[in-house]
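The values are calculated or read from the model by the stated rules, or taken from the named source; none is laboratory data. Since the structure is predicted, the reported quantities are computational estimates derived from the model, not experimental observations. Every residue, glycine as well, gets a Cβ built from its backbone with ideal geometry; the counts of neighbours run over all protein chains shown. Heavy atoms of the whole protein, side chains included, go into the accessibility calculation; ligands, DNA and RNA do not. Shrake-Rupley method; radii C 1.70, N 1.55, O 1.52, S 1.80 Å.
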Amino acid sequence: MSIFNADHLAALAQQSIELPSWAFGNSGTRFKVYGTPGTPRDPFEKISDAAQVHRYTALAPTVALHIPWDLSDFTALRAHAEDNGVTLGTVNSNTFQDDDYKFGALTHEDAAIRQKAIDHHFACIDVMDATGSRDLKIWLADGSNYPGQADMRGRQDRLQDSLQKIYARLGDAQRMVLEYKFFEPSFYHTDVPDWGTSYAQVAALGERAMVCLDTGHHAPGTNIEFIVMQLLRLGKLGSFDFNSRFYADDDLIVGAADPFQLFRIIFEVIRGGGLNNPDVAFMLDQCHNVEDKIPGQIRSVLNVQEMTARALLVDREALTAAQRSGDVLAANAVFMDAFYTDVRPALAEWREGRGLPADPMAAFAASGYLQKIADDRVGGVQAGWGA
Ligand code: PSV
Ligand code: MN
């Protein structure tokens, strides 16, 4: 008998996780970016690679774009995605690679530079119209490095004003998600450092503006699952950027650094009605600096699936009973029992029953795809951070 009941299996079958196009390009640190044979040279090849992840897992039907890195003929790109069994997802804006934005973009003192950043977001919305994407994701590098450098209050006011203009341009079926990050590239303050600031900014806009929670964007020791609970409670958790970190914004494979934290986060998602809820998008935001990118993404979506399966196994009735009776150790034991359950054999069997490989990592490795792209993709410039 399987460890999963019919409700668990229905939830697992519905799960979808959006992949970031930039995970398929080369990436690295400020010290070195290593190239890999077969790395995509354009957005079409990135989408082909992303489609491999979905093909072996049935978990990743959509791919997020980054503008201008993925600028292309979007009608053709959309058709290419659909031919490969995936669709185009969230559009990410980029106001962090232009000299004009040295002192900010949507918060800049200079109205002309703010307008340039707003116009970039309008262009992103045009892309969303062409691709059929629902979400515009905004992550800002805005902030300051030294105390006294900037008028933090004025910047909040200008941010709200800029966001209002962008929000007003969204179509009725489109949303904005505002991501927060407590430091980097600014080291003293960032203009959207935490969930509270993001919440305050989006709450003032309207229903279709939500918070994006990137798991790597918190100070060490932060209780992220509490934030998940609170945002779900407030109806403002729009999306996740999943990744993991040991130190700062490491962008490592989700669940690699702290599987228990991922379990706790997903438990709160389930508890708050956020699992398979279209309002709460699951996305990855990762870079594969030294490992192969496609298997890195397959490993990532499987990690999310495995932790979802474990979190679904929490005996909620027993947990509630223990909580209500004040039985601390019993409540904790119920929680930990689910966390310590090895769901991998049951998931493998279930995958096979659905016509998927029991072991997607092994099946992809055996497919020869990496060798094929290494042979085929000769010449051109490999995509990387910035293209
Ligand atoms: C920079 O920290 C970042 O990783 C943000 O998390 C964004 O989501 C991502 O870049 C793409 O712009
Ligand atoms: Mn992110």
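Remarks
- Pair list, Cβ under 6 Å, 6 or more apart: the range 206-233 residue over 16 Å from Arg245 (Cβ atoms), other residue more than 13 Å from ligand 1 (Cβ to nearest atom) and of a type in the set (Ser, Thr, Tyr): Ala209/Tyr167; Val211/Tyr199
- Candidates in the range 202-227 are the residues that are away from ligand 1 (no atom under 16 Å from the Cβ) and touching an Asp or Glu at 6+ places or on another chain (Cβ under 9 Å); of these, the one that is nearest to Arg175 (Cα to Cα) is Arg208.
- Scope the range 175-214; condition buried (at least 18 other Cβ atoms within 10 Å of the Cβ), away from ligand 2 (no atom under 16 Å from the Cβ) and part of a loop (DSSP other than H, G, I, E, B); matching residues: Leu205, Arg208
- Matching residues in the range 5-54 - criterion: being without any contact (Cβ under 8 Å) to a residue 24 or more places away in the chain and either within 16 Å of ligand 2 (Cβ to nearest atom) or not charged (D, E, K, R) (or both): Asn5, Ala6, Ala10, Phe31
- Any hit, the range 163-174, residues being within 16 Å of ligand 2 (Cβ to nearest atom) and either within 30 Å of Val86 (Cα to Cα) or touching a Cys at 6+ places or on another chain (Cβ under 7 Å) (or both): no
- Thr107 open to solvent by less than 50 Å² (accessible area, probe 1.4 Å), modelled with pLDDT of 95 or more, in a loop (DSSP other than H, G, I, E, B) and away from ligand 1 (no atom under 16 Å from the Cβ): yes
- Subset of the range 330-387 [open to solvent by 60 Å² or more (accessible area, probe 1.4 Å), assigned to a loop (DSSP other than H, G, I, E, B) and not β-branched (Val, Ile, Thr)]: Tyr340, Asp342, Arg354, Gly355, Asp359, Gly380, Gln382, Trp385
- Taking the range 298-326 as the range and being without any contact (Cβ under 8 Å) to a residue 60 or more places away in the chain, surrounded by 14 or more Cβ atoms within 10 Å (Cβ to Cβ) and part of a loop (DSSP other than H, G, I, E, B) as the test, only Val314 passes.
For every residue, the table says whether it meets (1) without any contact (Cβ under 8 Å) to a residue 40 or more places away in the chain; (2) within 16 Å of ligand 1 (Cβ to nearest atom); (3) in a loop (DSSP other than H, G, I, E, B).
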position: Leu136; (1), (2), (3): no, yes, no
position: Leu140; (1), (2), (3): no, yes, yes
position: Pro147; (1), (2), (3): no, no, yes
position: Gln164; (1), (2), (3): no, no, no
position: Asp172; (1), (2), (3): yes, no, yes
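- Taken as a whole, the range 257-268 holds no residue that is touching a His at 6+ places or on another chain (Cβ under 9 Å) and open to solvent by less than 30 Å² (accessible area, probe 1.4 Å).
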